[in-house]
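The values are calculated or read from the model by the stated rules, or taken from the named source; none is laboratory data. None of these values were measured; they are calculated from a predicted model. Ideal geometry is used to build each Cβ from the backbone, glycine not excepted, and the neighbour counts take in all protein chains shown.
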Amino acid sequence: MSQIIDGRAIAQQIHAETAACVATLKSRGIQPGLVFIRVGEDPASQVYVGMKEKKSAELGFRSTTLVLPADTSEAELLARIDGFNADPSWHGILVQAPLPHPIRQATVYARVAPEKDVDGFHPVNVGKLLLGDTDGFVPCTPGGVHELLIRSKIPTEGAEVVVLGRGNIVGKPMSSILMQKGRTANATVTVVHSGSRDVVAHCRRADILIAAMGVPEFVKANMVKPGATVIDVGVNRIPAPGTPSGTRLVGDVAFAELQSVAGHITPNPGGVGPMTIAMLLANTTRAAEQQSR
């Protein structure tokens, strides 16, 4: 049976480290400040922002949530971001996706000051990641996957890594992180996507398989090399007759059938998800440290 990578336990380790950093900053008269901006009433966004705000309060952050109506113009949203950029008491700014049409997500992410972009989506931080400049902020989900691998002692140097998915939020930054020079990266990375041929053959070569396609239970047992590490980033809602909501959440990995094949595997939920919040708050603490120098 696979060894389970417990994302909740590892996230708690990181939260403890972050809380200690927050306490140190407070002793110097600095309280890390984090702004959440939500546009519209998307139910999932409400839940995600609520979870992030609750955990930030538990760790000693100062935070606020700005909720704007769904018909807010792009210009108004950008003006609000400008206000938080200019206020030195706020160290991090998170704009929750998705944003209502016709607001352009890329334009909004580029408006957040790079030094307050704790989500890691500003073009400056994306460029720093690609260049191996560690002064920038790494996107929270791929950064969390990297921490899962490091803290679970999964070797990446020389490993064959396959990333399923080439999205801007996970796939592209994940491949950039693991191909960098360094003891905790230095992998040979293949990115598999909708235009790839013979996906199964690519996957079966992987020592580490990271699934971030957004396709429910796409990865089956025949796609995984025995003993490989499998990281499931996907979050998908599928029909589940008889349940209160009529649906259930599953990942991109058929978890039950992979347990007899994979060496290490993340559960879903309880794997990558908790790490995203942990990395967001760790990034915000670092932003506060950098801005107070």
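Of all the numbered requirements in (1) among the polar types (S, T, N, Q); (2) in contact with a Ser or Thr (Cβ under 8 Å, 6 or more places away or on another chain); (3) free of Cβ contacts under 8 Å to residues at least 24 places away in the same chain, THR141 misses one, and that requirement is (3). The residue that is farthest from ILE169 (Cα to Cα), counting only those in region 204-223 that are of a type in the set (Gly, Ala, Ser) and outside any helix (DSSP H, G or I), is ALA206. Scanning region 214-229 for residues being touching a residue at least 40 places away in the same chain (Cβ under 8 Å) and under 19 Å from ALA256 (Cβ atoms) gives a total of 4. Only residues that are surrounded by fewer than 17 Cβ atoms within 10 Å (Cβ to Cβ), touching a residue at least 24 places away in the same chain (Cβ under 8 Å) and assigned to a loop (DSSP other than H, G, I, E, B) were counted in region 264-293, giving 2. Listed by first and then second residue, the pairs linking a residue in region 159-185 that is outside the structural domain of ALA206 (by TED's automatic domain parsing) and buried (at least 24 other Cβ atoms within 10 Å of the Cβ) to a residue that is at pLDDT below 95 and of a type in the set (Asp, Glu), with Cβ atoms under 7 Å apart and 6 or more places separating them unless they lie on different chains, form an empty list.
Looking only at region 1-27, which residues are surrounded by 14 or more Cβ atoms within 10 Å (Cβ to Cβ) and assigned to a strand (DSSP E or B)? The answer is ILE4, and nothing else. Here GLY144, GLY127, GLY120 are screened, and the one residue that is at pLDDT 95 or above, on the phi > 0 side of the Ramachandran plot and not basic (Lys, Arg) is GLY120.
Of the set (1) more than 20 Å from ALA113 (Cα to Cα); (2) surrounded by fewer than 19 Cβ atoms within 10 Å (Cβ to Cβ); (3) at pLDDT 95 or above, all apply to ILE30 but (1).
Residue-level analysis places GLY120 among those that are part of a loop (DSSP other than H, G, I, E, B) and over 21 Å from GLN13 (Cα atoms). Note on region 55-92: residues that are in a strand (DSSP E or B) and of a type in the set (Ser, Thr, Tyr) amount to 3.
When ALA106, ALA201 are screened for being assigned to a helix (DSSP H, G or I), under 24 Å from LEU34 (Cβ atoms), modelled with pLDDT of 95 or more and aliphatic (A, V, I, L, M), only ALA106 passes.
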